[in-house]
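Worksheet: the structure to be examined is printed underneath.
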Amino acid sequence: MNPISITSISSISALGTSPESVWESYQNRKALFSEKKSNGSKVLVSKIASKGKAEIELLRKSNPFYKKLDDSVLFAIFSARKTIENSSNNPSLGGNWGQAGINIGSSRGATGLFEKYHRLFLEKGKTETLASPTTTLGNISSWVAQDLGISGPAIEHSITCSTALHAFLNGIAWLNSGMNDKFLVGGSEAPLTEFTIAQMQALKLYANKKSDFPCESLKWNKKNNSMILGEAAGMASLEIDAPNALANITGAGYATEKLTHNISISADAECFQKSMKMALNSAKLKTVDAIVMHAPGTVKGDLAELKAIEKTFADLPTLTTNKWMIGHTFGASGIMSVELAVLMLQHQEFIENPFFENEKIPNKINSVMVNAVGFGGNAVSLILQR
């Protein structure tokens, strides 16, 4: 494949709303969790920072249509605007995004509105007029296209927690096909609702103890699952081999493995072994300087990914993750990991995980692999280079 350039990237999460604030949060090395009352008890979650919340409310009030939209859509619109503003192709600088493509995914979609409208239906036997159009999955990409005035293909999908990286795969395919020259890709998730939290608790995946670092991602000897939900959205603009690239995607891989259970992954994550090898082959590399792991803080999931890495690489690359800080943001988690990889490449500084001490930190970071996998055993691996 042609080298695909990331020319701009932006996100909104507990880390902040700009690349500068996100990088500052990473350097502060604090877990960004707070308590939320859900189903009669308090649980830990990762909420969008207060400044970000205020900006989302301003966005909601800026347009009569936006008052009826789910947070997942507003998060996406906000981060998409920031991504285009930060791009050298910013329309205000003469850039043209008119026919660009969009692929934004979400694992859960309009969870908040779904639950609101379902409660209304149970109480009154009817629901509001806009219940269907504001909860359909294509709601996110189509509203981002409307907001930015883009008339190119607007695609949305849900491939559980690897959703955002699948959006990258699709953008790469469109650009390599010659059918488009710019693509906006990413993921958005607003999952901090009672029903969604209850689903994760029912799976026995949720963190149940409080500490300075309650999500024990990359703690290999943990006895209990420690996943924590977070809300976030992130977008990246992609072009073919652009001179102003923040980083280049030089390798991409994907795989799906046979399930033995609805949420299973094999003990040595065969899907990750295949996706990582495919990414290395396409980048013509044998190793990378660092890996941003998926590692959601679950006992089996973290270890399976580690075993897959050990089987794929002759020497273990430097490992990290960001879920110990912001939790698992489902469909947005992949783009949040890509953003961390881009920032480490830009600043030439490795952000360590508190639970895993790497034997060696690279003096120079030239290549970073990003992993994601979701329910269904579908893995994606991307390789980013300076």
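Descriptive notes on the structure:
- Candidates in region 356-386 are the residues that are of a type in the set (A, V, I, L, M, F, W, C) and touching a Phe, Trp or Tyr at 6+ places or on another chain (Cβ under 7 Å); of these, the one that is nearest to ASN281 (Cα to Cα) is LEU382.
- Filter pass, TRP97 being farther than 30 Å from PHE375 by Cα and either in contact with a His (Cβ under 8 Å, 6 or more places away or on another chain) or aromatic (Phe, Trp, Tyr) (or both): yes
- In region 223-335, counting only strands (runs of 3 or more DSSP E) that sit wholly within it, the ones holding 1 or more residues that are modelled with pLDDT of 95 or more and farther than 19 Å from LEU382 by Cα span 232-240.
- Note on region 163-181: residues that are assigned to a helix (DSSP H, G or I), open to solvent by 10 Å² or more (accessible area, probe 1.4 Å) and over 15 Å from TYR254 (Cα atoms) amount to 3.
- Residue within region 343-363 that is of a type in the set (Asp, Glu) and over 21 Å from LEU15 (Cβ atoms) present: yes
- Close pairs from region 1-22: first over 26 Å from MET278 (Cβ atoms) and in a loop (DSSP other than H, G, I, E, B), partner basic (Lys, Arg) and open to solvent by 10 Å² or more (accessible area, probe 1.4 Å), Cβ under 9 Å, at least 6 apart: ALA14/LYS47; THR17/LYS51; THR17/LYS82; SER18/LYS82
- Any chance TRP23 is more than 30 Å from PRO214 (Cα to Cα) and buried (at least 18 other Cβ atoms within 10 Å of the Cβ): no
- Residue count for region 39-48, restricted to those that are of a type in the set (S, T, N, Q) and either open to solvent by 50 Å² or more (accessible area, probe 1.4 Å) or over 16 Å from PHE330 (Cβ atoms) (or both): 2
- Residue under evaluation ILE361, criteria (1) at pLDDT below 95; (2) within 28 Å of ILE77 (Cα to Cα), criterion not met: (2)
- Scanning region 278-326 for residues that are closer than 30 Å to ASN2 by Cβ, surrounded by fewer than 20 Cβ atoms within 10 Å (Cβ to Cβ) and of a type in the set (Asp, Glu) yields one hit, ASP315.
- Top-ranked residue of region 31-47 - restricted to ones that are of a type outside the set (A, V, I, L, M, F, W, C) and out of contact with any Asp or Glu (no Cβ under 8 Å at 6 or more places or on another chain), ranked as nearest to VAL342 (Cα to Cα): SER34
- Residue count for region 344-365, restricted to those that are surrounded by 20 or more Cβ atoms within 10 Å (Cβ to Cβ) and in a helix (DSSP H, G or I): 2
The values are calculated or read from the model by the stated rules, or taken from the named source; none is laboratory data. Just so you know, these numbers come straight off a predicted model, no measurement behind them. We place every Cβ from the backbone using ideal geometry, glycine too, and count neighbours over all the protein chains shown. We work out accessible area using only protein heavy atoms, side chains counted, and drop any ligands, DNA or RNA first. Shrake-Rupley method; radii C 1.70, N 1.55, O 1.52, S 1.80 Å.
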